[in-house]
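What follows is one structure encoded as structure tokens, with my remarks underneath.
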Amino acid sequence: MEQDRLDYEQFLGGDKAGFEHLVLRYKDGLIQFIARLVRDLYQAEDLAQDVFVEVLLHPERYRTETSFKTYIYTIGHNKAVDFIRKNGRLTFIGEWEESDAMRADVLLLEEKVIREEEKRELYAIMKQLRPDSERVLYLVDLEGVSYTDAAQMLGKSDNQLRVLLHRARKRLKQKMEENAD
């Protein structure tokens, strides 16, 4: 988070390298997050680009009291919701685990295949949940976003998020047990 502040200050000072560092650090995760919402990887890439364009055009809007990741994920969430309202949810299902697979090249092939299959099963089960449940599980459990940041990204209070997360985990567990039988 400190590196984010330094990069952002560098960007505000007129050096575009700071902005480029932030984009490179967060673009893949942001695209994956948005893709989980709009169900279209290519549209998610466009919306993520719109997020960074907004940051570039309006640098004064970001307040360093929150993390940069929270800030851009919030913008991304809002852009995805706007897109869904205008166009409806799309049915294209992209490959969300691609970046994980690229980082896993040191694993044995057998372990990698097993892990990828488990991810596909998890994502398939998560898609059976309500959209809010899927989003909160993705942010908190898969992306490692803090409760406070996830609540802000999803427009919920901390207590609402905790209840939503508890119910989502419980429902996910039920669905996983059903699929295991």
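Along the Cα-to-Cβ line of E9, 7 Å from the Cα, sits a label point; which residues in segment 46-76 have backbone N less than 16 Å from it?
Answer for segment 46-76: 63-68.
Multiply the residue gap between Q49 and K16 by 0.36 nm, knock off their C-alpha separation, and tell me the result in nm, one decimal place.
10.3 nm
Along the Cα→Cβ direction, 7 angstrom out, place labels at E117 and M176. What is the inter-label distance in nm?
Distance between the two pseudo-spin positions: 1.7 nm.
Exposure proxy check: I75, I84 ranked by fewest other beta carbons within 10 Å?
I84, I75
Please compute the net charge surrounding L6, taking Lys and Arg as +1 and Asp and Glu as -1 over other residues with Cβ under 13 Å from its Cβ.
Taking every other residue near L6 into account, the sum is -3.
Computed FRET efficiency, Cβ-Cβ of D28 and V163, R0 41 Å: what is it to the nearest 0.05?
The calculated FRET efficiency here is 0.85.
Using a 7 Å offset from the Cα along the Cα-to-Cβ direction at both Y147 and R63, what is the distance between the two label points in nm, to one decimal?
Modelled inter-label distance: 2.2 nm.
None of the figures in this text is laboratory data; all of them are computed from the coordinates on show. No experiment lies behind these values; they were computed from the predicted model shown. So basically every Cβ, Gly included, is an ideal-geometry build from the backbone, and we count neighbours across all protein chains shown.
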